[in-house]
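J.: One structure follows; several queries about it will come next.
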Amino acid sequence: MEITENARKIYDKLAVGWNTWDVRSVTSHIFLPDRLRLNLNFFITHLSAVAKDHAWENVECFGEHAADGSYTDVTIRLQGAKCRVETASRGRELVMRVTPAETKPNYFVSLSVEPIWGGKHTIGYRDGGIIAGDGGSRHFIRRLTEAAKPGWNPVSAHQLIGSANGPVYYTANSGLDIAEADAFIEEQKNIWLNAAVSADGDMGEALAAMRRSLLWNTVYDSKNGRIVSPVSRNWCRHNTAFGDYVVFGWDTFFAGLQMGLIDKDLAYANIFSILEEITPEGMLPNFGAANGSSRDRSEPQVGSLCVWKLYIQYGDVWFVEECYDRLLEWNRWRFRCRDKNSDGLLELASDPWEYGPGDELHGYGNKNTGGRQGAMWESGIDNSPMFDRAIFNEEKHCLELSYAGLNALMAMDCKLLAKMARLLGKKDDETELTERAERLSRLINEELWDEKTGCYMNRHWTGEFDPCLSLTHFYPLTAGIVQPERMDRLVNGHLLNPDEFWGEYVIPNVSRSDPAFNDQDYWRGRIWAPTNFIVAEGLRHAGLKEAGSELAKKGLDMFLRCWREKGVVGENYNGITGEAAERGSSDRFYHWGALLAYLALEERICFNPWTDSIEKNPDKSQIGEIYRVPTRDGEKIDV
């Protein structure tokens, strides 16, 4: 993995202080410079119930999380008992407050102290607390409240125990008493809230959900010394093949885009983290993880869109330059390796790849490489009914299907990369990319428009159009290649048709008229924020403001309903009921779900990749005042 000097500076700038860096537990705080881990463990003695590392199954609700970890708030549950955990930090100082919300008899909390990631500490008890030192740095951890001595203790590390049936306070490297600790927690909370992007009314709640879903899912990649935001901690914890982190292609680009509303360094770090996973073949993989990456397949090409929008927001030419070569390499790889029948249109494929017996991804990594499911995974919409009828070519390892969504995204990718080339003075690249965009756009309009249906459609190698209607067929809007005479049939005849894609909850990934819609299983009928976002960018590109505004409002309403009822930021949403996380194939705290909030915010301030401008809408009738949106030269603006 190649990490450039500029990327390393960002990672090192972020990798300081106390924060929830450990992917295993939201209640562990790591002092990263010294590799020291403090973790809160909860147990109920008469039930022999214990929770040491806390993830989604132990979280009742997520509260605020400052970008630098200076304030965090989460409520933990165990066998019906609940405790709110708040922390505040500044430099080496850390305060932790555990407040019971619902108690049970024999309910205890233990703060364990141990090294992590190669930290070398001598740890021992002293003066009622714990001393941890590595020869150069020492930490003193105290409990400010009364000690408890349970009859059963499942925690073996050095620890300080209290009764969780009343408030429990811990400090590290601090001389504060309880009253001062309370004041310190409140101070750090207010500093964060007064600095973070926010808004009045519904939008304020939505931005809070966005902040929390991103920042609670930001961890430390101990293997490479990077700050990364996995799609969710649960994906890392529950699939042990990945190791301490996993980043997915389009998921991580969208995380970087959203982080742009929170912290520029975290935004850039996320973009760099996925670009650094590029393979020797020039492909950005479906996933990159601590234990390896998917060497057989890629994911949708949205990197140029996210990078260009962040450039419009912040104006850093060096950032574009940092990303450009790898984005261009990926673009060239796609055209070189995914036109499997040499007709100029692109297909989905999975290249044969064998992980050796000693490879850490052996088993998981070999699953479906070179096969049909591997090719479907490359689409990013893993089990879409679009692929049900597609023949898999065993020799070329691809679906015999010219996929309209993929080709439209690649036309968009060429156009946006051409803008970057122009900015960077790379005239030959600009010519190459412009010609490629024009050639592909012409082929899409000639070969993938079905006049009978009045829609762009996927086409089998036999020449027949596949009958499945998908919202990815609206991606030509995003590429800006829809011919004017086709716009009405495409948009009004299909996208805004309540029998197909429109309705109370929008946009389902497959038409409501498709038999697979009622499956409501992952990409078969459910609503996904990233595909909504791509279509919304298309409506903006086409100048269809009213439809775009309605899409943003419907998405925000659905998003807030799930957030208010369940504290959920859904991986996906039910196309019939608008629910999220009501079934196993919908993670409950998956950061790209908050793209629905980002979409709504763009109704008031938009980093428009088609006009290359920051556009502000003064109309506050739908979305109220928005505060502290970070932009160029460190400025934060209110809209």
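The values are calculated or read from the model by the stated rules, or taken from the named source; none is laboratory data. Just so it is clear, the model here is predicted, and its values are computed rather than measured. Because the Cβ atoms are built from the backbone with ideal geometry, glycine has one as well, and the counts that use them run over all protein chains shown. Each accessible area value is taken on the protein alone, full model and side chains, heavy atoms only, with ligands, DNA and RNA left out. Shrake-Rupley method; radii C 1.70, N 1.55, O 1.52, S 1.80 Å.
J.: Name the residues in region 64-82 that are open to solvent by less than 10 Å² (accessible area, probe 1.4 Å) and either within 21 Å of the chain's Cα centre (by Cα) or touching a residue at least 60 places away in the same chain (Cβ under 8 Å) (or both), would you?
T.: Taking region 64-82 as the starting set, the residues that turn out to be open to solvent by less than 10 Å² (accessible area, probe 1.4 Å) are 65-66, 69, 71-72, 74, 76, 81.
Hits for region 64-82 are H65, A66, G69, Y71, T72, V74, A81.
J.: Ok, one more. Scan R334, R326 and give me the residue that is more than 24 Å from P230 (Cα to Cα) and touching a helix residue (DSSP H, G or I) at 6+ places or on another chain (Cβ under 9 Å). Reasoning before the result, please.
T.: Details: R326 fails: more than 24 Å from P230 (Cα to Cα).
Residue meeting the stated conditions: R334.
J.: For region 232-243, which positions are buried (at least 21 other Cβ atoms within 10 Å of the Cβ) and either within 21 Å of V16 (Cα to Cα) or touching a Leu at 6+ places or on another chain (Cβ under 9 Å) (or both)? It would help to see each step written out before you state the result.
T.: Our first condition is that a residue be buried (at least 21 other Cβ atoms within 10 Å of the Cβ); within region 232-243, this holds for 232-233, 235-236, 242.
Once the filter is applied, which keeps residues that are buried (at least 21 other Cβ atoms within 10 Å of the Cβ) and either within 21 Å of V16 (Cα to Cα) or touching a Leu at 6+ places or on another chain (Cβ under 9 Å) (or both), region 232-243 yields R233, F242.
J.: Condition first: under 24 Å from F533 (Cβ atoms), surrounded by fewer than 19 Cβ atoms within 10 Å (Cβ to Cβ) and without any contact (Cβ under 8 Å) to a residue 24 or more places away in the chain. Can you find one or more residues in region 448-458 that meet it?
T.: There is no residue in region 448-458 that is under 24 Å from F533 (Cβ atoms), surrounded by fewer than 19 Cβ atoms within 10 Å (Cβ to Cβ) and without any contact (Cβ under 8 Å) to a residue 24 or more places away in the chain.
J.: Being farther than 21 Å from A290 by Cβ, open to solvent by 10 Å² or more (accessible area, probe 1.4 Å) and either β-branched (V, I, T) or part of a helix (DSSP H, G or I) (or both) is the filter here; which residues of region 9-32 pass it?
T.: Correct list: K9, K13, V16.
J.: Continuing with this model, one more query. Evaluate region 90-109: report whether one residue or more is among the hydrophobic types (A, V, I, L, M, F, W, C), open to solvent by 30 Å² or more (accessible area, probe 1.4 Å) and in a loop (DSSP other than H, G, I, E, B).
T.: Checked region 90-109: no residue is among the hydrophobic types (A, V, I, L, M, F, W, C), open to solvent by 30 Å² or more (accessible area, probe 1.4 Å) and in a loop (DSSP other than H, G, I, E, B).
J.: Then there's this: Just give me the residues in region 151-204 being of a type in the set (D, E, K, R), surrounded by fewer than 17 Cβ atoms within 10 Å (Cβ to Cβ), part of a helix (DSSP H, G or I) and under 35 Å from the mean Cα position of the chain (by Cα), in sequence order. Steps first, answer last, please.
T.: Pass one, region 151-204, residues of a type in the set (D, E, K, R): 177, 180, 182, 186-187, 189, 200, 202.
Keeping just the survivors that are surrounded by fewer than 17 Cβ atoms within 10 Å (Cβ to Cβ) gives 177, 180, 186-187, 200.
Still in the running and part of a helix (DSSP H, G or I): 180, 186-187.
Passing the criteria: E186, E187.
J.: Identify the residue in region 626-639 that is assigned to a loop (DSSP other than H, G, I, E, B) and within 15 Å of M203 (Cβ to Cβ) and, among all such residues, is most open to solvent (accessible area, probe 1.4 Å). Don't jump to the end; show me each part of the working.
T.: Kept after step one, since they are assigned to a loop (DSSP other than H, G, I, E, B), are these residues of region 626-639: 628, 631, 635, 638-639.
After this cut, where a residue has to be within 15 Å of M203 (Cβ to Cβ) as well, the list is 628, 638-639.
Values: R628: 61, D638: 93, V639: 18 Å².
Step by step, filter region 626-639, then rank; the result is D638.
J.: For region 402-417, state whether one or more residues are touching a Pro at 6+ places or on another chain (Cβ under 9 Å), more than 14 Å from L346 (Cβ to Cβ) and either open to solvent by less than 40 Å² (accessible area, probe 1.4 Å) or modelled with pLDDT of 95 or more (or both).
T.: yes
J.: Follow-up question, since we're still on this one. Output yes when any residue across region 311-323 is modelled with pLDDT of 95 or more, within 26 Å of Y403 (Cβ to Cβ) and buried (at least 20 other Cβ atoms within 10 Å of the Cβ), and no when none is. Outline the logic, then answer.
T.: Pass one, region 311-323, residues modelled with pLDDT of 95 or more: 311-323.
Narrowing the set further to residues that are within 26 Å of Y403 (Cβ to Cβ) leaves 323.
Then drop every residue that is not buried (at least 20 other Cβ atoms within 10 Å of the Cβ), which leaves 323.
Within region 311-323, one or more residues are modelled with pLDDT of 95 or more, within 26 Å of Y403 (Cβ to Cβ) and buried (at least 20 other Cβ atoms within 10 Å of the Cβ).
J.: For a quick check of your reading: which helices (runs of 4 or more DSSP H) sit entirely within region 522-625 and have at least 1 residues that are over 18 Å from the mean Cα position of the chain (by Cα) and more than 25 Å from V307 (Cα to Cα)? Talk me through it step by step, then tell me what you get.
T.: Values: elements: 529-541, 545-566, 595-601.
Per the criteria, 545-566.
J.: For the subset of region 569-590 comprising residues that are acidic (D, E) and open to solvent by less than 40 Å² (accessible area, probe 1.4 Å), which member is nearest to L207 (Cα to Cα)? Walk me through how you get there before you give the answer.
T.: If we filter region 569-590 for residues that are acidic (D, E), which is where we start, we get 571, 579, 582, 587.
Filter once more, keeping what is open to solvent by less than 40 Å² (accessible area, probe 1.4 Å): 571, 587.
Details: E571: 17, D587: 19 Å.
Step by step, filter region 569-590, then rank; the result is E571.
J.: Count, please, the residues in region 336-352 that happen to be in contact (Cβ under 8 Å) with a residue 12 or more places away in the chain, loosely packed, with under 15 Cβ neighbours inside 10 Å and of a type outside the set (D, E, K, R).
T.: 2
J.: Do you know which residues across region 29-51 are of a type in the set (G, A, S) and in contact with a Leu (Cβ under 7 Å, 6 or more places away or on another chain)?
T.: Initial filter on region 29-51 (of a type in the set (G, A, S)): 48-49, 51.
Across region 29-51, the qualifying residues are A49, A51.
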